[in-house]
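The structure under discussion appears below in the form of structure tokens.
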């Protein structure tokens, strides 16, 4: 059982529209017991969408848990059973009004592995079409086009605190530098 925790009992404490909270009893590798609080989430997607001029499309929006406006990659939550790649393209179109080509998978991001099971699936692409935004009725955001090199500087200067956005910008920059995006 090295580096493993066995679930002995699991109890749902809260079930909401976006998350479920569970309290689990576990057995640790040394045989002792502990409690684990887990936030269950269907996961999310994000896209590092780049223009032909190497500008990255970011969205500025108010994030209630932090009571502040954040600059982020276009992103959204997955519905149960939804295909992550299709969800990423849908969110890109809804939030930025753009469509892309040459999508490259950037991998998975575990934003808070200590207590949350959310996985964010990440992509990068080149923008090929400009259309209209189709925001959800409770969604308010502004799209910004920022030169990729400036966005990298913003990440390194701690001006972008969102983890998926930091990772997406840095990975996209490496792909552009290598001529792969």
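A few comments on the model shown:
- Listed conditions (1) in contact with a helix residue (DSSP H, G or I) (Cβ under 8 Å, 6 or more places away or on another chain); (2) part of a loop (DSSP other than H, G, I, E, B) are all met by residue 122, apart from (2).
- Candidates in segment 129-181 are the residues that are more than 27 Å from residue 112 (Cβ to Cβ) and modelled with pLDDT under 95; of these, the one that is surrounded by the most Cβ atoms within 10 Å (Cβ to Cβ) is 133.
Residues checked against (1) surrounded by 14 or more Cβ atoms within 10 Å (Cβ to Cβ); (2) within 26 Å of residue 158 (Cβ to Cβ):
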site	(1), (2)
7	no, no
20	yes, no
25	yes, no
30	no, no
59	yes, yes
89	yes, no
93	yes, no
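- Against the numbered list (1) without any contact (Cβ under 8 Å) to a residue 40 or more places away in the chain; (2) under 18 Å from residue 54 (Cβ atoms); (3) touching a strand residue (DSSP E or B) at 6+ places or on another chain (Cβ under 8 Å), residue 108 comes up short only at (2).
The values are calculated or read from the model by the stated rules, or taken from the named source; none is laboratory data. Remember, predicted model here, so these are calculated numbers, not experimental data. As a convention, Cβ positions derive from the backbone with ideal geometry for all residues, glycine included, and neighbour counts pool all protein chains shown.
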